[in-house]
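Input: a single structure, listed below in structure tokens.
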Amino acid sequence: MDKVYAGVDVGKATLEVGIYGERWVGQYNYDVAGVAQLIGAVQGREVGLVVVEATGDLERRLVTALVVAGVPVAVVNPQRVRYFARADGQLAKTDRLDAQVLAKFGWAMQPTLYEAQSAEGEELSAVVTRRKQLVEMLAAEKNRLNTATGSVRRQVEAHIRWLEEEVKALDEAISHLIQTAPQWQERDALLHSVPGVGAVTASTLLAELPELGTLSRQKVAALVGVAPINHDSGRRRGERHILGGRATVRRVLYMAALTATRVNPVIRSFYQRLLAAGKCKKVALTACMRKLLVILNAMLRDHRRWNPDLTLMPSPA
């Protein structure tokens, strides 16, 4: 029997499944029983690949269950899928149609298989994600404090104190996870040796970019979403833009690059040269993000600490 391609549209309560080239579509509750039923149905169809969209943490339980069951799965960028659907003439959008588009996308594009993290990796990723959520809540509450009065102000202040304590506790938990895992101790020390890279950046890279140090500079830049994309036609040379990638990694890389333009001699010099050449600050900073990422990638690849004299540390092609 030929292998078939399945797409799963993941919702908060339901999972819609589509099979490429068939009308068959199944719907399952997104709970333990529903996931088990979906896996049984998929295994019964001799599915060669299941495709799901990266939607944050919503798809994590399903992807983990599929990997544990030995079902090949790919987690793809939703934006790529939408572009694919439009190019294919599929403009309508429903959960059922999305599942069928995902299945066809898997057949046509052959996306890279998802590689499961270790249990420790999953735990670190979960804790890092939770910390980010609390930091966002903390920022929102501090903004509300500007207009809060009376008893509401006291409640907001109490919530801010609680959030700050929780963030501190998560920082300690993240540090403990990293320092008790041999596979992360060296990588964490290498990352921390770079001026501009702090604990938040290092832990996010370890948790959300485990491929760092194993890819070429072109691939790691594209994976994060800091590779410039050409927009040229004929003699016209359009502006370069960045697109897609892992937004969580890109956010911390932005802050690290911003700091590095002040404290890192290599990045600071590179940034100033770009500004002197007429580049706007946004473009120059994006270029610094990419350069910093390429340097970090090479350092982890070569197991080498930061050295400002080694400004050119290319990744293999």
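The values are calculated or read from the model by the stated rules, or taken from the named source; none is laboratory data. Every value quoted in this text rests on a predicted model; they were computed, and no experiment measured them. Ideal geometry is used to build each Cβ from the backbone, glycine not excepted, and the neighbour counts take in all protein chains shown. For the accessible areas, the whole protein counts, side chains as well, though only heavy atoms, and no ligand, DNA or RNA atoms are used. Shrake-Rupley method; radii C 1.70, N 1.55, O 1.52, S 1.80 Å.
Near Leu293: Cβ cut-off under 10 Å, other residues only, Lys/Arg at +1 and Asp/Glu at -1. The net charge is +4.
Excluding ligands, DNA and RNA, the accessible surface per residue across the chain is 54 Å² with a 1.4 Å probe. Share of the chain's accessible area from carbon and sulfur, percent, 1.4 Å? Roughly 53 percent, rounded to a whole number.
Extension gain for Ala189 to Ala116 (0.36 nm times residue separation, less C-alpha to C-alpha distance): 23.9 nm. Relative contact order for the chain: 14 percent, from Cα pairs under 8 Å spaced at least 6 residues apart, divided by residue count. With the simple spin-label model, which puts each label point 7 Å out from Cα in the Cβ direction, the Ala169 to Gln43 separation comes to 3.8 nm.
What 222 nm value per residue comes from the helices of the chain, counting each DSSP H run with n ≥ 4 as -39,500 (n - 2.57) and dividing by all residues, nearest 500 deg cm²/dmol?
Taking each H run of at least 4 residues, the total per residue is -19000 deg cm²/dmol.
Taking 0.36 nm per residue of separation and subtracting the Cα-Cα distance, full extension of the segment from Thr147 to Ala199 would add 15.5 nm. With a simple spin-label model that places each label point 7 Å from the Cα along the Cα-to-Cβ direction, the separation between Arg96 and Arg82 comes to 2.3 nm.
Divide the volume of the convex hull around the Cα atoms of the chain by the residue count and you get 199 Å³ per residue. Taken about its Cα centre, the chain carries a charge dipole of roughly 1740 debye when the Cβ of each Lys and Arg holds +1 and the Cβ of each Asp and Glu holds -1.
Centre-to-centre separation between the Cα atoms of segment 254-272 and those of segment 1-42: 47 Å.
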